[in-house]
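Below is one structure, written out as structure tokens; the observations come after it.
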2 protein chains.
Amino acid sequence: MLEHFFNPSSVAVVGASQSPGKIGYDILNNILQYGYAGAVYPINPNAQEILGRRAYPDLTSVPADIDLAIIALPAPAVLNVVEQCGKKKVDSVVIIAAGFKEIGPEGARLEEALATRARKLGIRMIGPNCLGLIDTASSLNASFAAGMPPNGHIGFFSQSGALCVAILDWALGENIGFSKFVSLGNKTDISETEIMLSMGKDENTRVILGYLESVEDGPRFMKAARQISKNKPIIIVKSGTTTAGAKAASSHTGALAGSNHAYDAAFKQSGIIHAESMHSLFGYAMAFANQPLPKGPRLAIITNSGGPGILAADACDKSSLHLSPIRKETADRLREFLPPAASVYNPVDIIGDASHERYEKTLEVILKDDSIRGVVILLTPTAAVDPEAVAQRIVNLAKDADKPILTSFMGEKKVRSARKIFQDHAIPSYDYPEDAISALDAMLSYRKWQEGPERQYRHFEADRLKVRKIFASVIKQHRHDLIESEAREILNAYGFRLPESHMARTTKEAVIIASEIGYPVVMKIASPDVLHKSDMGGVRVGLGNAAMVEDAFFEITSSIQLRQPSARILGVMVQEMIREGKEVILGITRDIQFGPMIMFGLGGIYVEVLKDVAFRIAPLSEEEADAMIRDIRAFPLLRGVRGEAPVDIKGIQDALLRLSQLAIDFPEIVEGDINPLLVCPEGQATVAVDARITIQE
Amino acid sequence: MLEHFFNPSSVAVVGASQSPGKIGYDILNNILQYGYAGAVYPINPNAQEILGRRAYPDLTSVPADIDLAIIALPAPAVLNVVEQCGKKKVDSVVIIAAGFKEIGPEGARLEEALATRARKLGIRMIGPNCLGLIDTASSLNASFAAGMPPNGHIGFFSQSGALCVAILDWALGENIGFSKFVSLGNKTDISETEIMLSMGKDENTRVILGYLESVEDGPRFMKAARQISKNKPIIIVKSGTTTAGAKAASSHTGALAGSNHAYDAAFKQSGIIHAESMHSLFGYAMAFANQPLPKGPRLAIITNSGGPGILAADACDKSSLHLSPIRKETADRLREFLPPAASVYNPVDIIGDASHERYEKTLEVILKDDSIRGVVILLTPTAAVDPEAVAQRIVNLAKDADKPILTSFMGEKKVRSARKIFQDHAIPSYDYPEDAISALDAMLSYRKWQEGPERQYRHFEADRLKVRKIFASVIKQHRHDLIESEAREILNAYGFRLPESHMARTTKEAVIIASEIGYPVVMKIASPDVLHKSDMGGVRVGLGNAAMVEDAFFEITSSIQLRQPSARILGVMVQEMIREGKEVILGITRDIQFGPMIMFGLGGIYVEVLKDVAFRIAPLSEEEADAMIRDIRAFPLLRGVRGEAPVDIKGIQDALLRLSQLAIDFPEIVEGDINPLLVCPEGQATVAVDARITIQE
């Protein structure tokens, strides 16, 4: 995939320059100096030869095929070069220049023209407004970055060119190997998704790192990530928020569902490891690129001092890892050579006078214990220890180890050379014990994702035609908000259980309906204009007889007439009153990047005040629906506290899956909620008591 | 303070050795080689001279006064040397040897003997089981650590000798200056509190760092920290938990109040900056030691690239800092020299072709804007920029700046020398932007603490004699749990409002009392043996007439007889039923290191299921009582949601302060709660409905 970008047989540099310091010079020089074996064609009408290579006035005059063109000309000149690429059948181009959509409407028009033309000509583009790309396997440095990272197994893509620069400099300074380096720029054509897919297939890439400010096509991104992450870890830092506009447009449920919720959900649902900071990104990368995943949560810590051991144990306690109880036979073997003051329990404290031999013997014994799934080795540079020698022994033993080994040698001056040894031998090394634990924890979570079950979707029979008709009628009436009876019909069409309910246009009708339903009943205003019915005095509950129903009809209609005189009143809904069960809220919002998002929380203050809600991107798998129910802090209330019977969790899951299907089937739904969904102990029905749906044409 | 430890006129090394590699050699050698100007006396009966200094067979044979003795002999020999110190009037000793309480009961006995003897002789001790101490101002390195840190303004103490070693090595490698370095060891005599007090008074120390695994005397530690932290920041990493035993002993409220809650509360209440990791500890230290505190939350970010700017802005958004809107006149001045593509808003993006001159001019303008309280400068090593030159310009401008300047130059190879310049000129420099923001955020929180109001205590009139009598009677009956009427009397003695309540011994009495109180009433079993009354069927509420009271009396007593036949039944309490108000819970638990701790939460599931509770160490100040009410997530429910009237927050505050006073007055209270305290809208009384108190002799 994207073969001509990463492993081209020939590269042309359009705008190649003879002046050092110019981008057109730097790129050509980078391609030539790092050993790229293919043909290289500088394109410059004013030169015969650049950097010892024959130059050509334009692409078409090159007497051979060109796989990749790097266009290092200013923005206004780019479109013309793309036309030439078309003629020359160059199918892959990298556009370096800035001056496109990032500078405003004029640049955006230029970029759009470029995109349209390239699409027509069948040309794939990286950029514009980027640094270029690097592939260490083909020794191709088609960027104007200063330097070439060592060969390695980390693929990195970034929406920020500056971060590419910084990270490349870090790779050079710390001797960290990379497989590929891609500066995405404006992502006019090729986006993070295609780069991820390409790195997913690349044998040299073991771990994919990314820095993103936005995602181009949420669902496609998730689909690709889900597929890749089953085999290869993807670690991403996401910065900034971009749905401020979408947020402002939506009411309270929407206000909670800013795009950060969407990114969190999307990453979680597609197995992406979400790094909270650049610090974590690289900490994780070191571990994932170089060590096997832990097969379970049980970890051993080896240390020559108590303090760092306690720090690591604390960090462990806050993670999903836990300190493995050391087996008796392992403890006995350790006791054979450790001094009496040492601790053979976990952390294994081989004390301050430990030498490299003691470290080695201890690690040997620990590695042989099958119950231990990962090892973190800590060292403080005491007088007794030679950190370099310890590092060397660890490197030797790590070669044949089948469990991850991470290290933290604390200090600086005396441990510097040991850290260097670790770098050179792919042993992750951290300044502080907490960072080692955190990386191992991320590895364990990722392994759980990898081993997780296949996504199970459930499909429900639904009367889509009916829903389509209702939406058409609403739009015809120039409305966006459905009235309750419409919302009820839609839920009904998707198989939700609803309380019995009928519209009454007169007091008399109301009494007849109530007696048919059976007392007590609930009454609610039916109006397309009254959204918050309770606040307007439009709801009465617990009406036990005909007289109360008559009074309520009058009170409800006059309250609405008084408080919202312009509201159209269609009648009053008379509804079966359901008295048992716990109230939960289900919602749909629409994220501009990921599409429909499903929300879940407990009714009342839990959502509004405590913000105790869970989000997932639709469509939900069965596992995701179940997981989001368990995600909220108040979940124990559903499971039952103080001897209460648990509610029907499967009933909530079913409702979430139906709502997810509705949201996917009808993209015109921009917002909606079922509030409340009444959920009872297992065996009793789950009932959607009230619903609100807003659509857009 | 502790003058003879840190600035002695003369030092004796008892156990000085002639063999390099021995601790007795290393210490003497460290004292001599780093320029300590006082007299130095090696003590060794088998040597005439060590390292060019005349040796003495014992302390008493030294022909001059000795301010400080470093005892570098094995544990069994130490007591005898302490005796000699007594004779020689040496009042300050450092004991290096391990082999005391950390090895078990035998060592503990030796340590206790040592402590008793030293106390008797008026000798102060650091250690045993420690590395020694360093004071850079007096050039005294009385430790066996390898190396001497540069002079500086950070004082460091550590309960782990190994961390001292690691941190010293880090200081040497990174050229970080320290004022004092103290390895606390077993803290037999001198603890963290005295070291903090000493560093608090030390002019060379601007910031105090500590690593602690435990605190010796919680209240004294808090008092000292509170006093010092008003002038000087104290930053502490606390590792491990030690109250597992205390936790197991307490019931559900206690189970929430593990010692981590106590440390969190204690640090918060005494202005200690709680570093979550070693990484944060040093990140914060760099900022606090070298930069002025920000005068407010408004921050400017200067960057030469978008990505890192967004990362910093994100971090800012999660902190208490915020990006200052750039004033028009400042923006205009920036526009004068910045290219059009630059952003003069915040983050101020001076774009990828920025030179050191552009950085300099931008910083100059930003520093002059009074509305900006702190500056974070980011750099990625683009081709256009010379990081070293930028660093130099920043260093020059920072000299006269009155606001904090923090930097993050991302990368490694090309920014290494710039980072070195920052280190040498006391400009905090971080690998990643997020760490700079986090350090500045800690500085802002600390400034808020410094500027916070003086602690205000309120004293309530209370009938302590009555409480004492009740406790005496309970103990006499070999009980620990008070019955409800006793608990009520105690709350009454401390001025709590209680519902009217009387004990009925017969059905008839119950009806008479109920009619006097007025219906409806509540009835509860009165028994010293029934703790969870509701669960045992011992409570009935909403009893509206005589017949209901009669039935309830029978049902309650028979339920208890059935379910807990051994329970002594004293009668049934008949109580006024309070129907209005929100239920909150107040609690007392006792932490083994910090003493009485006050708990607050909302009634019902909020404490038990959602663990939404706040803790503070007693005695509470008025501000602390108020702050803990606002700390819980459910606080908006008290302030009123959906147009509800707010409850009487002052009433809760008053109750917390009264409970705090009770907890302090009577250390025999090991646990108690008021559950529920009913709190009504302002103007109405706050009522303690039910209480439970457990005491210990």
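The values are calculated or read from the model by the stated rules, or taken from the named source; none is laboratory data. From a predicted model like this one, the values you see are computed outputs, not experimental measurements. Neighbour counts run over all protein chains shown; Cβ positions are idealised from the backbone, glycine included.
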Among (1) more than 14 Å from every other protein chain (Cβ to nearest Cβ); (2) at pLDDT 95 or above; (3) under 22 Å from A:Ala391 (Cα atoms), there is one condition A:Ile302 misses while meeting the rest; what is its number? (1)
For A:Lys201, state whether it is touching a residue at least 24 places away in the same chain (Cβ under 8 Å), out of contact with any strand residue (DSSP E or B) (no Cβ under 9 Å at 6 or more places or on another chain) and either surrounded by 22 or more Cβ atoms within 10 Å (Cβ to Cβ) or among the basic types (Lys, Arg) (or both). yes
Cβ contacts < 9 Å: first residue in contact (Cβ under 8 Å) with a residue 12 or more places away in the chain and on the phi > 0 side of the Ramachandran plot, restricted to segment A:338-355; second residue crowded, with 18+ Cβ neighbours inside 10 Å and aliphatic (A, V, I, L, M), any location; separation 6+ or different chain. Result? A:Ile351/A:Leu338; A:Ile351/A:Ala342
Which residues, taken from segment B:418-463, are free of Cβ contacts under 8 Å to residues at least 60 places away in the same chain, part of a loop (DSSP other than H, G, I, E, B) and of a type outside the set (D, E, K, R)? B:His425
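How many residues, within segment B:442-501, are aromatic (Phe, Trp, Tyr) and at pLDDT below 95?
Applying the first criterion (aromatic (Phe, Trp, Tyr)) to segment B:442-501 yields B:446, B:449, B:457, B:460, B:471, B:494, B:496.
Checking the rest, the ones that are also at pLDDT below 95 come to B:457.
Residues that pass the stated criteria total 1.
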May I ask you to list the residues in segment B:522-570 that are of a type in the set (S, T, N, Q) and closer than 20 Å to B:Ser501 by Cα? B:Ser527, B:Ser534, B:Asn545, B:Thr557
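Out of B:Ile517, B:Ile560, B:Ile512, I need the residue that is touching a strand residue (DSSP E or B) at 6+ places or on another chain (Cβ under 6 Å) and free of Cβ contacts under 8 Å to residues at least 40 places away in the same chain. Which one? Don't jump to the end; show me each part of the working.
Numbers: B:Ile517 fails: free of Cβ contacts under 8 Å to residues at least 40 places away in the same chain; B:Ile512 fails: touching a strand residue (DSSP E or B) at 6+ places or on another chain (Cβ under 6 Å).
Answer to the check: B:Ile560.
Regarding A:Ala315, is this residue of a type in the set (A, V, I, L, M, F, W, C), under 42 Å from the mean Cα position of the chain (by Cα) and within 14 Å of chain B (Cβ to nearest Cβ)? Spell out how you get there, then give the answer.
Numbers: of a type in the set (A, V, I, L, M, F, W, C): yes; under 42 Å from the mean Cα position of the chain (by Cα): yes; within 14 Å of chain B (Cβ to nearest Cβ): yes.
Yes: the conditions hold for A:Ala315.
Kindly evaluate B:Ser371 against the criterion of being surrounded by fewer than 16 Cβ atoms within 10 Å (Cβ to Cβ), among the hydroxyl-bearing types (Ser, Thr, Tyr) and assigned to a loop (DSSP other than H, G, I, E, B). Show your work before the answer.
Values: surrounded by fewer than 16 Cβ atoms within 10 Å (Cβ to Cβ): yes; among the hydroxyl-bearing types (Ser, Thr, Tyr): yes; assigned to a loop (DSSP other than H, G, I, E, B): yes.
Considered against the rule, which asks whether it is surrounded by fewer than 16 Cβ atoms within 10 Å (Cβ to Cβ), among the hydroxyl-bearing types (Ser, Thr, Tyr) and assigned to a loop (DSSP other than H, G, I, E, B), B:Ser371 comes out as yes.
Can you tell me how many residues in segment A:339-368 are outside any loop (DSSP other than H, G, I, E, B) and away from chain B (no Cβ under 14 Å)? Step through it out loud before you land on a result.
Restricting attention to segment A:339-368, the residues satisfying the condition of being outside any loop (DSSP other than H, G, I, E, B) are A:343, A:348-349, A:356-368.
Checking which are away from chain B (no Cβ under 14 Å) leaves us with A:348, A:356-368.
So the answer is 14.
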Output for Cβ contacts, cut-off 9 Å, separation at least six or different chains, first residue within 11 Å of another protein chain (Cβ to nearest Cβ) in segment A:15-33, second assigned to a helix (DSSP H, G or I), reads A:Pro20/A:Asp26; A:Pro20/A:Asn29
Within segment B:276-294, restricting attention to residues that are away from chain A (no Cβ under 14 Å) and part of a loop (DSSP other than H, G, I, E, B), which residue is surrounded by the fewest Cβ atoms within 10 Å (Cβ to Cβ)? B:Pro292
If B:Trp449 passes every condition in (1) of a type in the set (A, V, I, L, M, F, W, C); (2) surrounded by 21 or more Cβ atoms within 10 Å (Cβ to Cβ); (3) closer than 22 Å to B:Val207 by Cα but one, which one does it miss? (2)
Might you check whether a residue that is aliphatic (A, V, I, L, M), under 30 Å from B:Asp529 (Cβ atoms), buried (at least 19 other Cβ atoms within 10 Å of the Cβ) and within 25 Å of the chain's Cα centre (by Cα) occurs anywhere in segment B:616-638? yes
For the list (1) surrounded by 20 or more Cβ atoms within 10 Å (Cβ to Cβ); (2) under 15 Å from A:Phe144 (Cα atoms), I need the number of the one condition that A:Tyr41 fails. (2)
Just give me the residues in segment B:312-338 being surrounded by 13 or more Cβ atoms within 10 Å (Cβ to Cβ) and in a loop (DSSP other than H, G, I, E, B), in sequence order. B:Ser319, B:Leu321, B:Ser324, B:Pro325, B:Ile326, B:Arg327, B:Phe337, B:Leu338
Report, ordered by the first and then the second residue, all pairs with beta carbons closer than 8 Å, sequence separation of six or more or different chains, a first member in segment A:395-417 that is in contact (Cβ under 8 Å) with a residue 40 or more places away in the chain, and a second member that is aromatic (Phe, Trp, Tyr) and surrounded by 18 or more Cβ atoms within 10 Å (Cβ to Cβ). A:Leu406/A:Tyr430; A:Ser408/A:Tyr430; A:Ser408/A:Tyr432; A:Met410/A:Tyr432; A:Met410/B:Trp170
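Might you let me know whether segment A:53-64 holds any residue that is part of a strand (DSSP E or B) and within 30 Å of A:Ile228 (Cβ to Cβ)? Steps first, answer last, please.
So in segment A:53-64, the residues part of a strand (DSSP E or B) come out as A:53-54, A:56.
Applying the additional criterion that residues be within 30 Å of A:Ile228 (Cβ to Cβ) yields none.
Checking segment A:53-64: not a single residue is part of a strand (DSSP E or B) and within 30 Å of A:Ile228 (Cβ to Cβ).
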(1) away from every other protein chain (no Cβ under 13 Å); (2) not in a helix (DSSP H, G or I); (3) not β-branched (Val, Ile, Thr): which one isn't true of A:Ser558, the others all being true? (2)
For segment A:139-194, give me the residue count where each residue is among the hydrophobic types (A, V, I, L, M, F, W, C), away from chain B (no Cβ under 14 Å) and in a loop (DSSP other than H, G, I, E, B). 1
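I want to confirm something. Restricting to segment A:129-138 and keeping residues that are within 14 Å of another protein chain (Cβ to nearest Cβ) and of a type in the set (A, V, I, L, M, F, W, C), which single residue is surrounded by the fewest Cβ atoms within 10 Å (Cβ to Cβ)? Explain how you work it out, then say what you get.
Within segment A:129-138, the first condition is being within 14 Å of another protein chain (Cβ to nearest Cβ), and the residues that meet it are A:129-132.
When the remaining residues are screened for being of a type in the set (A, V, I, L, M, F, W, C), the result is A:130-131.
On the way: A:Cys130: 26, A:Leu131: 29.
It comes out as A:Cys130.
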Would you check if there is a residue in segment B:589-601 being farther than 21 Å from B:Ser259 by Cβ and either surrounded by fewer than 21 Cβ atoms within 10 Å (Cβ to Cβ) or modelled with pLDDT under 95 (or both)? no
Tell me yes or no: at least one residue of segment A:603-610 is of a type in the set (A, V, I, L, M, F, W, C) and away from chain B (no Cβ under 14 Å). no
Any chance you could count how many residues in segment B:91-114 are under 14 Å from B:Ile71 (Cβ atoms) and either in a helix (DSSP H, G or I) or not assigned by TED's automatic domain parsing to the domain that holds B:Ile31 (or both)? 3
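Go through B:Ser250, B:Ser259, B:Ser280 for me and flag whichever is within 21 Å of B:Gln423 (Cα to Cα), at pLDDT below 95 and not assigned by TED's automatic domain parsing to the domain that holds B:Leu586.
On the way: B:Ser250 fails: within 21 Å of B:Gln423 (Cα to Cα); B:Ser259 fails: within 21 Å of B:Gln423 (Cα to Cα).
Answer to the selection: B:Ser280.
Every residue in segment B:397-410 that is in contact with an Asp or Glu (Cβ under 8 Å, 6 or more places away or on another chain) and surrounded by fewer than 24 Cβ atoms within 10 Å (Cβ to Cβ), please.
If the condition is that a residue be in contact with an Asp or Glu (Cβ under 8 Å, 6 or more places away or on another chain) and surrounded by fewer than 24 Cβ atoms within 10 Å (Cβ to Cβ), then B:Leu397 is the only one that fits.
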